[in-house]
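Notes follow the structure.
Read the figures in this text as sums done on the coordinates, not as results from a lab. Predicted model only: the values in this text are computed from it and were never measured. Here Cβ is always computed from backbone atoms with ideal geometry, including for glycine, and neighbour counts include all displayed protein chains.
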């Protein structure tokens, strides 16, 4: 039987993801046309920030892939894509400073970042296995082929696992927005960008990037509500 709500949520979340991704690519492309007033590359800007914050021992490495930039807390490494590592534009220094912001969070023991790291294993498992356990539990209950309570427990476990995955996306929001706030402040403080065109484009890029995480969190919450409804935990759908 066709589930109209499944199709609605799938359509809405797809549009959210595609819209956020398109916005980031558009703003990054525009910001690449605007030189950083300092003339520094992304790698040089990140190194400057790390040096001034006492983290000059961290490695900054070239990383393959487009917009694949990230900070690895296990190896204490900033991995920057080619255009960010070598670029001397507003997009490059903005993205590089954002990743440096994550390094600063790690060094300062920023709480949400620590919590996100703890949630990574459970989130990876929950996003994959959680919905399947709910489906199996609901299916067994509908077919009345489970021992009493077994279908409910399967669905509850699946929902709990998926809830951890959703929590991961929610906890990611303050981590990403805080890193961007640090990037904006430090880029100006150390003179990497001015107060005009390049700073404005840095802000546009970081804001768009933040919206991708908002879209991811909204997607997770919508699917969590959907699976909770399917399992009968909300909306009186227990008999489905």
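Here are the numbers for this structure:
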quantity: Fewest-first sequence of 93, 171, 192, 120 by Cβ atoms within 10 Å of each Cβ; calculated: 120, 171, 192, 93
quantity: In degrees, nearest ten, helix 4-31 long axis to first principal axis of the chain (Cα); calculated: 0 degrees
quantity: Alpha-carbon centroids, the range 91-135 and the range 26-45: separation in whole Å; calculated: 26 Å
quantity: Cα long-axis angle, helix 150-189 against the chain (0 to 90 degrees, to the nearest 10); calculated: 10 degrees
quantity: Centre separation in Å (Cα based) which lies between the range 57-75 and the range 165-240; calculated: 20 Å
quantity: The chain: angle of helix 42-52 to the longest principal axis, Cα-based, in degrees nearest 10; calculated: 80 degrees
quantity: Ellipticity estimate at 222 nm from DSSP helix runs (n ≥ 4, -39,500 (n - 2.57)) divided over the chain, nearest 500; calculated: -25000 deg cm²/dmol
quantity: The chain, Cα convex hull volume normalised per residue, Å³; calculated: 129 Å³
quantity: Of all DSSP beta bridges in the chain, antiparallel share, percent nearest 5; calculated: 45 percent
